[in-house]
Amino acid sequence: MLKGSRSGILKRVQPVSIHGQLSLDIFFTDPEDPDGQIHVVRLGPEAVPKHLEAGDRILVDYLVGVPVKVARATE
């Protein structure tokens, strides 16, 4: 996928500190298979909306196959 988005259901957000720099691991599943494989993306906190909770529907934006942003899905 050169550029695109992938929808998901948020399972959890895990803060990670690497050499003092905060990142967030976003764990999510496919909305059509909520009990299926869990996918993980790691992003900086500036690319993730605040107050996400497990069960929220999200949209993960990719550029050249790399996740660049997470947003709440609007339905």
Among the residues of the range 1-55, which ones are aliphatic (A, V, I, L, M), closer than 19 Å to Gly65 by Cα and exposed (fewer than 15 other Cβ atoms within 10 Å of the Cβ)? Met1, Leu2, Ile38, Val40
Return only the number of the condition from (1) touching a Leu at 6+ places or on another chain (Cβ under 8 Å); (2) in contact (Cβ under 8 Å) with a residue 60 or more places away in the chain that Pro15 does not satisfy. (2)
Residues of the range 23-40 classified as in a strand (DSSP E or B) and modelled with pLDDT under 95, total: 0
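When you check Leu63 against the structure, is it touching a helix residue (DSSP H, G or I) at 6+ places or on another chain (Cβ under 9 Å), on the phi < 0 side of the Ramachandran plot, modelled with pLDDT of 95 or more and loosely packed, with under 13 Cβ neighbours inside 10 Å, yes or no?
Numbers: touching a helix residue (DSSP H, G or I) at 6+ places or on another chain (Cβ under 9 Å): no; on the phi < 0 side of the Ramachandran plot: yes; modelled with pLDDT of 95 or more: yes; loosely packed, with under 13 Cβ neighbours inside 10 Å: yes.
No, not satisfied.
The values are calculated or read from the model by the stated rules, or taken from the named source; none is laboratory data. Because the structure is a prediction, the values reported are computed rather than measured. As a convention, Cβ positions derive from the backbone with ideal geometry for all residues, glycine included, and neighbour counts pool all protein chains shown.
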